[in-house]
1. If you average the C-alpha positions of region 412-474 and of region 518-538 separately, how far apart do those two centres end up, in angstrom?
2. How big is the antiparallel share of DSSP beta bridges in region 1-83, given as a percent to the nearest 5?
3. Filter Lys478/Lys521; Lys62/Lys198; Lys379/Lys521; Lys379/Lys478 down to the pairs with a C-alpha to C-alpha distance above 32 Å, please.
4. Determine the share of region 340-411's accessible area contributed by carbon and sulfur atoms, expressed in whole percent, with a 1.4 angstrom probe.
5. Take peptides 459-467, 301-309 and line them up by average Cβ neighbours within 10 Å, highest first, as a rough protection proxy.
6. At 1.4 Å probe size, with every protein chain present, just tell me what the per residue accessible area of region 4-45 comes to in Å².
7. Rank by packing, highest mean first: peptides 35-47, 206-218, with packing defined as the count of other Cβ atoms within 10 Å averaged across residues.
8. At 1.4 Å probe size, with every protein chain present, just tell me what the per residue accessible area of region 400-528 comes to in Å².
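The values are calculated or read from the model by the stated rules, or taken from the named source; none is laboratory data. Everything quoted here is computed from the prediction, not taken from an experiment. Neighbour counts are summed over all protein chains in view; Cβ atoms, including those assigned to glycine, are modelled from backbone coordinates with ideal geometry. We work out accessible area using only protein heavy atoms, side chains counted, and drop any ligands, DNA or RNA first. Shrake-Rupley method; radii C 1.70, N 1.55, O 1.52, S 1.80 Å.
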Amino acid sequence: MPSLFVIQGRNKGSRYDLTAHEGAMSIGRDAGNAIQLEDNEVSRRHAEIRHIGDTLVVGDLKSSNGTYLNNRKIERAELTSGDHLQVGRTVFVFSRDRENERAIELVDIVSPSNDSDGSRIVRTIREDEAANAVAAPEDTQNRWLARARSNLQVMYRTALAVSHTLDIDELLGRILQLIFEWVEADRGCIMLLDPETKQLRTKARRDRNVNAATSMAISRTILDYVLDHREGVLTSDAQDDDRFSSGNSVIRTGVREAICIPLQGRYDTVGVIYIDTTVPLAESIETGQHRFTDEHLKLMMAIGHQAALAVEDTTYYSAMVQSERLAAIGQTIATLSHHIKNILQGIRGGSYLVEMGLDNEDPAVLRKGWDIVARNQNKISSLVMDMLSFSKEREPDPLPSDLVALVSDIVETVQQRAAESKTAIHWEPPTAAIPRLLFDPEAMSRAVLNVVSNALDAVENRPDAAIGIRLDCQEQEKMVRITITDNGEGISADSLQDIFTLFVSTKGARGTGLGLTVSRKILREHGGDIQVTSQLGEGSEFVLTFPMTISESELSPERMRTIAESFADPDADAPTAEIP
């Protein structure tokens, strides 16, 4: 099943089945294309893919920005599995088939209890041990083997360096450090291409003798050659190299021994690595050998490719984080603005009635208008408090508090609203005395009030609307449970799993999707949580739980002695209350 997967661009993650259409499949911005892309740099009809026998051929349709296959501009080319196809800023990877899927399904993980699993761990190795394992032994007589092991160690350490950081400056500095440990360079730098201006900018530099560091002049001729040809350059005397015979900049800098390699990533060249030596050429001739060899150039090219991939990954990661941050900000602003607009409309309508009542000296209209204003003021106040609760991490401020009185106050707060919507609130304080508990009363009041308000919304306009509130303190489990039920329409199974997701609301324009999210956050800050069950047409049940911690002042001397003895004797029964 030949397919194209988008790995870069606004359509990233999309998959296109190339067998879904007969004939040619066009790629472009227009809706009429088989593969429509959200990319401003893609032409309306940019390219097409045709079946020719058993092969697939991609062809450019005289697009403005061209079509590229594996970083090479093409007019027409055959696709092979693994090819990278680029149109505009969108990059696809081509996959020929999915023959391995059947074999993949046959892979199984054997349970430890399975008799057929007779494996045992005989050796483990850490990262630092792995680096030492590939180091060349000093007493080896096989120079080729020693050199190969040394190269392997360099590549292994480079791979570790690029995989352990997402900070671009730290990454480039570490790359130069590794190069200097392996190559006898006197100076070195890494230059990256600015994505906007396409000009090289120095991002990291290293000198073997920091105190003797001087101005570093790099030949523009060599840099242009490396970038244009995507080839690494090793020179022992650039002035005598035919490739740079016309480069006056080479003569001015007096370059002798130098290596310059491109940072070639997946899709493009992102910069260069340059190292050189300040030892005069005459001195190196007298010693009979140069510092830089073809082997250094080859390994530098490999290091450069690793570094380029890391630079691309770091750049894309930063862009992705920024994009997600902007998207989150946009979603937040859009959601809250919509809800605030609805509240302001309510205040405006109530204000109009207040004005009318004042002008006509009609107390009934005045009272009605003021009730609307007051109700919407409460809404905006609740919204602001939810925003504050959600926006910052905070440790609960536990105080000895009366949980029964707290729930009773919440019931009294919503009683007027319940009466207006003809909703019965069934709340009976527990018959057994509940001691004062340690919790954050302000935060807990907000958590319970949000759930009770949601329950009132759920039963609005329902016949025989009712909500129930029940409080239980279970000493054996050392948990407090506040159960809130309603006989509303209920919540579907699909919606149930999303009700605690930020800005997701089952109430449409009436809800912000903040209330339940804030309530769960507060409960979890107390070490508890919220569970919910619901049946369509029957209603919902929310259970708020958090640890039962009795205030020390509520404990009798006998109770205190029992708890103290249980802590002194590890075999004694656990106490039924916690002491903070």
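1. 14 Å
2. Numbers: 18 of 20 bridges.
Once the DSSP bridges in region 1-83 are tallied, antiparallel ones form about 90 percent.
3. Details: Lys478/Lys521 20 Å; Lys62/Lys198 25 Å; Lys379/Lys521 20 Å; Lys379/Lys478 35 Å.
Beyond 32 Å: Lys379/Lys478.
4. Numbers: 2660 of 4650 Å².
Reported share for carbon and sulfur atoms: 57 percent.
5. Working: 459-467: 15.9, 301-309: 20.6.
Packing proxy ranking, top to bottom: 301-309, 459-467.
6. Numbers: 2400 Å² over 42 residues.
Per residue, region 4-45 has an accessible area of 57 Å².
7. 35-47, 206-218
8. Details: 6170 Å² over 129 residues.
I get 48 Å² per residue for region 400-528.
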